[in-house]
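Accompanying notes for the structure given below.
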Amino acid sequence: MMPRTLQKPSKPRAMDPLIWSRLPQELLELVLSFLPLKTFLNLRSTCKHFKSLIFSPFFMSKHLSSSSSFSSFILLSHPQCYHHFPIYETTVGSWRYMLPRAALSSTLLSISNGLLCFSLHNSSSFLVCNLLSKSSRKIKFPNHPIAFDSLTLVSTPYGYHIFMLCSKFSFVYDSRVHSWQKYDALEPFLCGNHQEGVLFNRCLYFTTPEPFSLVSFDLERGKWERSNAELPNELTFVRLVSDGEGRLYLIGGIGRNGISRSLKLWELGDTGSWIEVETLPDMICRKFMSVCYHNYEHVYCFWHQGMVCVCCYTWPEVLYYKVPRRTWHWLPKCPSLPDKWSCGFRWFSFVPELYALV
């Protein structure tokens, strides 16, 4: 019996480029839309046509809600991280990526809905950028030179505001008209306040130094107001956090003579009173108080994906409270930091948003 000869597999036939060139635009967009968004973003550099596709009505309608396509991160800005920002992926629970800086000679000041605001050194200007869409805009300071106590970036689907709090004035940049407006500051109530404002009910809220109180600034009307909500007793320091969905939280130390013995979390109720939510467990509280050495000016807070994060400029860890589970945890120290770390730890909530407008 004669042995059968095995036939070599035929080589796949290359598709004629002329066929691809005649592919209808709608069909090409449909085929590319099945790619994972992260993969398609890496293909933008192949040709100008692919780069422009992400802003076509078809792609925008499919990927307008980018929160489902991208992970959320807690971003660390530190002087010893010269070229990158270490980021912690909260859905996985580990340090996984290094985010490149938008500009090497810059300082990250604020993040809001996928937009980052930098202060550019020696240029008297800010840089607002969306790292995902690779778009940016340079914004000149309203006056030169100018010193500000704090800066807050507020991004919405319709544009963004930059709020600068200075000793005698406050300045607001509106991206819809590309201009600054100058307002009187609420002096002396916010003098020396280095905390970012907290967006709640379309206003930025701040806490004042002792005697502690709440004040708000309406970004649209340009008006300051003092809140009537009475704060809890025996506070040694207070910070605010908003979840962006209608809830305002207050984090404060409780004690006497400027020394905190406990840390508590409250939520603003419908009647305008503060309702106690949780008390920090004693062992964790001892560690946190030893971290900040009772220098509460170094303490700041922010909201991140269902978590209230409490930080200190002098400590490389983040204390956070998971609101749905009602549990406290420590974020692990970033492994890329050198062993001999110093102060200057700035933490931010970073949720990539492809269509955040610059």
| Phe141's amide H: which non-local residues (gap 5+, or another chain) put their own amide H closer than 5 Å, with H modeled 1.01 Å from N in plane and none for Pro or chain starts? | Ser125, Phe126
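Filter the GluC sites (Glu not before Pro) in the range 220-303 down to the DSSP loop ones having no more than 15 other Cβ atoms within 10 Å, then list what survives. Spell out each step's value before the answer.
Numbers: sites: Glu220, Glu225, Glu230, Glu234, Glu245, Glu267, Glu276, Glu278, Glu297; in loops: Glu220, Glu230, Glu234, Glu245.
Those satisfying the criteria are Glu220, Glu230, Glu234, Glu245.
Decide, for the range 249-358, between rounded, prolate and oblate: order the square roots of the alpha carbon gyration tensor eigenvalues as a ≥ b ≥ c, take rounded if a/c falls under 1.5, and otherwise choose prolate if a/b is larger than b/c, else oblate. The partial results should precede the final answer.
Values: a/c = 1.82, a/b = 1.07, b/c = 1.70.
Here the range 249-358 falls in the oblate category.
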| query | How do Cys81, Cys292 line up, fewest other C-beta atoms within 10 Å first? | reply | Cys81, Cys292
| message | Using Cβ contacts closer than 10 Å as the measure, can you line up Asp174, Asp282 from fewest to most? | response | Asp282, Asp174
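If we sort 115-125, 195-205 on the protection proxy, mean other Cβ atoms within 10 Å, highest first, what's the order?
Numbers: 115-125: 17.5, 195-205: 20.0.
For the peptides 115-125, 195-205, the packing ranking is 195-205, 115-125.
What order do you get for Arg346, Arg176, Arg239 when you list them from fewest to most C-beta neighbours inside 10 Å? It would help to have the intermediate numbers written out before the result.
Working: Arg346 17, Arg176 11, Arg239 20.
Least to most surrounded, the residues fall as Arg176, Arg346, Arg239.
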| Hey, rough spin-label estimate for Thr46 and Leu23, points 7 angstrom out along Cα→Cβ, what's it come to in nanometres? | 0.8
| Two-site label geometry, Lys322 and Ala147: point separation in nm, points 7 Å out along Cα→Cβ | 4.4
| field | Net length gained if the chain between Ser336 and His194 were fully extended (0.36 nm per residue, minus Cα distance) | value | 48.4 nm
| What are the chymotrypsin sites (Phe, Trp or Tyr not before Pro) within the range 280-336 that DSSP puts in a loop, where the Cβ has at most 15 other Cβ atoms within 10 Å? | Tyr293
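Given the pairs Lys287/Lys322; Lys168/Lys264; Lys182/Lys322; Lys138/Lys223, which are separated by over 29 angstrom at their Cα positions?
Details: Lys287/Lys322 18 Å; Lys168/Lys264 33 Å; Lys182/Lys322 39 Å; Lys138/Lys223 27 Å.
Lys168/Lys264; Lys182/Lys322, as the Cα separations exceed 29 Å there.
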| Potential extension, His84-Ser123 segment - 0.36 nm per residue separation minus Cα distance | 11.9 nm
| request: Give a residue-ordered list of calculated ³J(HN,Hα) values for the range 298-311 (Karplus: 6.51 cos²θ - 1.76 cosθ + 1.60, θ = phi - 60°; whole Hz; x for Gly, Pro). | output: 7, 8, 8, 9, 7, 9, 8, 6, x, 10, 9, 9, 10, 10
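Bear in mind that the values in this text are calculations on the coordinates, not laboratory data. In this text, all values refer to a predicted model and were calculated from it rather than measured experimentally. Please note: Cβ atoms are built from the backbone with ideal geometry, for glycine as well, and neighbour counts cover all protein chains shown.
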